[in-house]
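Everything below concerns the one structure shown next.
Nothing in this text is a laboratory measurement; each read-out follows from the coordinates by a stated rule. As the structure is a prediction and not an experimental result, all values here were calculated from the model. Note that we place each Cβ from the backbone using ideal geometry, even for glycine, and neighbour counts take in every protein chain shown.
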Amino acid sequence: MTLLFCGELVTKLLLPKFERYITLEQRRQLLVRILEISLLIRPTDHTEICRDRDDNKFLNLATSGEARYLITGDNDLLILQRYGKTEIVTPREFLKIVRR
């Protein structure tokens, strides 16, 4: 499995709201690991279908990287359920998928 991610992940993962789940040091280590296994993709798709225009970048990245899953907690993306070949799921749904 190849991981595609946006720089926004770094910003979000460092938010204080995650402190009750994982320490700052653990989050930093997680980001280092993510960078080690990630693939750099330059989006070639430029769709504008999401109701939150700022979220179109995630759809473009998923399409350009031929992602099977887009993992998000953002309702503006989740409402789409699927974009092309990419299934849009919550982190909880994704964990259920990979545990099968």
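Worth pointing out:
- Neighbour counting of Cβ atoms within 10 Å sorts the residues Tyr69, Tyr83, fewest neighbours leading, into Tyr69, Tyr83.
- Length-normalised contact order for the chain - Cα pairs under 8 Å, 6+ apart - percent: 21
- Spin-label model, Arg42/Arg92: points 7 Å from Cα along the beta carbon direction are separated by 4.0 nm.
- Estimated at 0.36 nm per residue, the fully extended path between Arg51 and Lys12 surpasses their Cα-Cα distance by 12.0 nm.
- Per-peptide average of other Cβ atoms within 10 Å, ordering 71-77, 39-45 highest first: 71-77, 39-45
- Shape of the stretch 1-82, Cα gyration tensor, a/c cut at 1.5: oblate
- Under 22 Å from the Cα of Lys57 - lysines, other chains or at least 8 residues apart: Lys12, Lys85
- Reported value for the stretch 44-100: 69 Å³ per residue, from the convex hull of its C-alpha atoms.
- Taking each DSSP H run with n ≥ 4 as -39500 (n - 2.57) and averaging over every residue of the chain yields -11500 deg cm²/dmol at 222 nm.
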